[in-house]
Amino acid sequence: MSTSVPEQRLRRRFDMWDKNGDGTIDRSDWEGEAKRILLSFGESENSPKGRALTDAYLGMWDHLAGQAGVGGDGALDFDKFKAVAAEEVLDRGQDGFDQVLRPTISAIADLCDTDGDGQVSPQEFQRWIVAIGSNETTASTAFKLIDTDGDGQLSVDELIAAVHRYHSGELEFSLL
């Protein structure tokens with residue numbers, strides 16, 4: 001039996017977080033991704049941007065883990081993750097994406113925006129994407145697909161829309 005596109009997408013994202021391959025994700029996996037992104041930008045965990053990014057990632061984890069009934073110190077296997085991600089994000093449409101994912105996407109965009117123009121440039125985007133495990137070629141291709149207004153920059157709204165499009169099967173590139 002084949003799995004649905006949203007389930008396949010959740011599986012890919014789950015596997016990206018499950019760096020040790022133990023079949024579960026926990027707070028340390030989410031904190032680890034935040035640290036990898038910070039490291040790629042040379043940003044301290046204790047700086048305002050570093051704290052904002054880490055707090056956003058851990059806030060997203062705490063929300064999903066709490067809703068799944070495992071608490072912040074627990075762990076989720078794929079089935080629990082799939083159920084809570086569907087319930088809290090996918091099934092709620094834009095409201096779910098805004099409530100659960102927007103704080104993290106905003107913190108990432110703020111960190112990536114090294115020139116302070118309020119947008120993410122192709123170079124800034126590439127650093128982020130390589131930090132979460134992709135490559136430069138994929139980042140370049142993805143940037144062009146995500147830049148829906150064609151201005152050569154990415155806004156938080158474009159990034160949120162890209163995550164939504166990925167999970168609905170319209171985009172082949174995972175950001176979060």
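Assorted remarks:
- Dipole axis of the chain (+1 Lys, Arg; -1 Asp, Glu on Cβ), positive-most option in THR3, ASN135, ALA34: THR3
- For the stretch 26-97: relative contact order, % (alpha-carbon pairs under 8 angstrom, 6 or more apart): 28 percent
- For the stretch 109-124, putting each phi into the Karplus relation 6.51 cos²θ - 1.76 cosθ + 1.60 with θ = phi - 60° gives couplings of 4, 5, 5, 5, 6, 6, 9, x, 8, x, 10, 9, 7, x, 5, 5 Hz, in residue order, rounded to whole numbers and with x for Gly and Pro.
- For the stretch 5-167: rounded, prolate or oblate by the Cα gyration tensor [a/c cutoff 1.5]: prolate
- Remark: the stretch 1-58 carries a charge dipole of roughly 200 debye about the Cα centre, counting +1 on each Lys and Arg Cβ and -1 on each Asp and Glu Cβ.
- Taking θ as phi - 60° and the Karplus parameters 6.51, -1.76 and 1.60, the scalar couplings of the stretch 80-95 work out to 5, 4, 4, 5, 6, 5, 5, 5, 8, 10, 4, 5, 8, x, 4, 4 Hz in sequence order, x denoting glycine and proline.
- About the Cα centre, charge dipole magnitude for the chain (Lys/Arg +1, Asp/Glu -1 at Cβ), debye: 340 debye
- Other residues lying with their Cβ under 10 Å from the Cβ of ASP29 contribute a combined charge of -3, Lys and Arg counting +1, Asp and Glu -1.
- Multiplying the residue separation of MET16 and VAL130 by 0.36 nm and subtracting their alpha-carbon distance yields 39.8 nm.
- Per-residue Karplus couplings for the stretch 145-160, computed as 6.51 cos²θ - 1.76 cosθ + 1.60 with θ equal to phi - 60°, are listed in order as 6, 7, 6, 5, 8, x, 8, x, 9, 10, 9, 4, 4, 5, 5, 4 Hz, Gly and Pro entered as x.
- Positive dipole terminus of the chain, leading residue within ILE25, GLY50, LEU171 (C-beta point charges): ILE25
- Toward the positive end of the charge dipole of the stretch 55-172, with +1 on the Cβ of Lys and Arg and -1 on the Cβ of Asp and Glu, the farthest Cα among GLY150, ALA162, GLY71 is that of GLY71.
- Gyration tensor (alpha-carbon) shape descriptor, the stretch 10-62, a/c threshold 1.5: prolate
- Additional length obtainable on full extension of the chain from ASP95 to GLN123, 0.36 nm per residue less Cα span: 7.1 nm
Each reported figure results from applying straightforward, stated rules to the coordinates on display, with no laboratory input. Note that the structure is predicted; figures quoted are calculated from it, not measured. Cβ atoms come from the backbone with ideal geometry, glycine included; neighbour counts cover every protein chain shown.
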